[in-house]
1. Based on C-alpha coordinates, I'd like the Rg and Dmax of region 14-74, in Å.
2. In what order do TYR125, TYR403, TYR42 fall by count of nearby beta-carbon atoms within 10 Å, going from fewest to most?
3. Taking amide H positions as placed in the peptide plane 1.01 Å from N, state which residues far from THR221 in sequence (5 or more) or on other chains have amide H under 5 Å from it.
4. Taking the alpha-carbon distance from LYS448 and a cut-off under 21 Å, which lysines remain once sequence neighbours fewer than 8 residues away in the same chain are dropped?
5. Obtain the radius of gyration and the Kirkwood radius of the chain from its C-alpha atoms and give Rg over Rh.
6. Please list 3J(HN,Hα) in residue order for region 65-77, calculated via the Karplus relation 6.51 cos²θ - 1.76 cosθ + 1.60 where θ = phi - 60°; whole Hz, with x for glycine and proline.
7. Charges on Cβ only, +1 for Lys and Arg, -1 for Asp and Glu, centred on the Cα centroid of the chain; of LEU306, LEU136, ALA413, which one is farthest towards the dipole's positive end?
8. Can you give the FRET efficiency to the nearest 0.05 for SER68 and THR118, using r as the Cβ-Cβ distance and R₀ = 45 Å?
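Every number in this text was worked out from the coordinates using simple rules, so none of it is lab data. Fair warning: this is a prediction, and the values are worked out from it, not measured in the lab. Reconstructed Cβ throughout: ideal geometry from the backbone, glycine too, with neighbour counts over all protein chains shown.
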Amino acid sequence: MAPALVRLPAPRLLHLVEVVDPASGQLLDKALVTRFSGPRSYTGEDCVEFHLHGGPSVVRSVLAALGSLPGLRPAEPGEFTRRAFEAGKLDLTEVEGLADLLAAGTQAQHRQALLHATGAVRRRYEGWRARLLTALAAVEAVIDFGEDEGIADEVAAGVLPDMRALRAELAGFLGGGQRGQLVRDGVRVALVGPPNAGKSSLLNALAGRDAAIVSPFPGTTRDVMELELELGGQRVILADCAGIRETEDPVEAEGVRRARATLATAHIVIQLRDAQAVWASDDAAATQAGDLGGDSTPGELSEAQLTLSVWNKADLLAEGQGPRGQGFGMPADLAPRDRGPPSTAPLLISCETGEGLDDLTQLLGRAVEDILAQGGDPEAAALVTRARHAAALSRCVAALERYEGVWAALELAAEELRGATRALGAISGVVDTEEVLDSVFSEFCIGK
Ligand SMILES: Nc1nc2c(ncn2[C@@H]2O[C@H](COP(=O)(O)OP(=O)(O)OP(=O)(O)O)[C@@H](O)[C@H]2O)c(=O)[nH]1
Ligand SMILES: [K+]
Ligand SMILES: [Mg+2]
C-alpha cells in the first residue's frame, strides 16, 4: 500500500493544531507546533517542536502517543545537543556554555556562560589554533618539499616569533588564576571557631533562614553544612562546621576532622569567637593577631586565604566592656580596596540582635571581590572555566615550550607543533575522544 500523502505545514512557523492520538483518534491537546527542516534546525536534522499545555497528563499522553509510532523513542540526556555538536552546529565550549547557562544561578555565572554559549570563547580558541596551524603548515611544507637549507632555516626562524608570543599569551591565561572556575563553582567561605561561638547562628543569619541546628550545647554541629548565597552577583558557598577542639566523642572528632578539611579548601575563613569569652580570657591581643581560637593554630591557614576575624554575642557585653569600649573592632576595616585586603581587626556582631551583620556582609562581599580579582579580568578568565580546559591549555603550553627548544630541527619542531594543536583542539572538540564527549554531555538533563 502506498503511504498516505501528508501535506506538511510550512517550516519555521507556529501552527495551531489539534494533537490527536494516531491509534485511538482521541484529542490530546490543542497546541502550537513548529516544523524545522534540516539542516536549519537545532540538531541539523528534521525536527518538530510541540508547545503543549503544561499539565503532566497532557505531556505524558502526547509522549506516549509519539512513543507508539515506529522509530520514535525518548531522547537520552543531552542527546539533542550531542547531535547538534556532531552536525557541527556547536563546538564543545559552546556546549559547555549551554550547560552552564541552564545551570546559572548568579549574574556572574550567567554572564560567563554567555561568553561560551554565544561562541566568544570558541572564536578565541579558534584564532589560536589557526596560528598554530599556519606555523605547522609552513614547517611541514619545508619538510615535504624544501630541499634548500637556506629556505628551511628561514621558515624555521620565521615561525618562531609568533609561536613564542602565543606560548606567552596562553601561559598568561593559565597563570592568571582561577577566576573562571571560581565564578562557575563559587567562592568558598568557611565558618570556623570554638564550639558555641555561634557559627550555626551566623550561617542562619546570613542565609536568612533556619538552615542549621542551633543549641546551647557545645558540639552541636558535626557534619559540614553548606549553603549557597549570591553576594554582589557572585556565587558564594558558605560552610558551617563543627567547632574545632580536642574531643573524646568519636562522632564529634569526625566532625572536627571534616571542619579542618573544609577550612583547608576555603578561599575565605570567618574566624568566629564569643566576644565575652575572648574578653574574659584576656587574650584579645592574640585574637587580633589572627588566632583561630580553640585548639587550632594560625599555621592551618595558607597565605592565599583571606581571614575575617569576627566576635559574636556583642549583646552580652556589658556597657564599656570588651572591644567596643576599647575603641577597636567596630566596624572592622571597611577601607577602600586599594588599601589591601580586609584587615584581621575583629568585627563585633550579634546574631541575636543583628548588630554588625550588615557590616559583615559588606566585608565579606569585599573579600569575595578580592579573591576574584586575584583571578584576572573576567573575559580572559572565562576561557578557563573547567579543569579540562586548564589541563588542555597546559599541555599546549608544554608542547610549545618543547618546540622552543628544538625549533631549528624542523621534524622535531613539527611534532611539538602538532601536539600543541591537538591539545587546543581538544578544548573545542575539533579532536575528540569519546571519554571527553561523554563527560561533557552527561551534564545535561533530558530534553536538551
Ligand atoms: N546572646 C547571644 N546568644 C547567641 C548569639 N549567637 C548565638 N547565640 C547562642 O549561642 C549558642 C550556640 O550557638 P550555635 O550557633 O549553636 O553555636 P555553634 O558555634 O554553631 O556551636 P557548635 O556547633 O556546637 O560548635 C546558642 O544557644 C545560640 O542561641 C548572640 O549573638 N547572642
Ligand atoms: K552549639
Ligand atoms: Mg553549630
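1. Cα only, region 14-74: 12.1, 33 Å (Rg, Dmax).
2. Ranked by crowding around the Cβ, least crowded first: TYR42, TYR125, TYR403.
3. Placed amide hydrogens put GLY243 under 5 Å from THR221.
4. In chain and number order, the partners are LYS89.
5. Working: Rg = 29.6 Å, Rh = 26.6 Å.
Taking Rg over the Kirkwood Rh, I get 1.11.
6. 5, 5, x, 7, 7, x, x, 9, 8, x, 6, 6, x
7. Of the options given, the answer is LEU136.
8. On the way: r = 39 Å, r/R0 = 0.86.
In this case the efficiency is close to 0.70.
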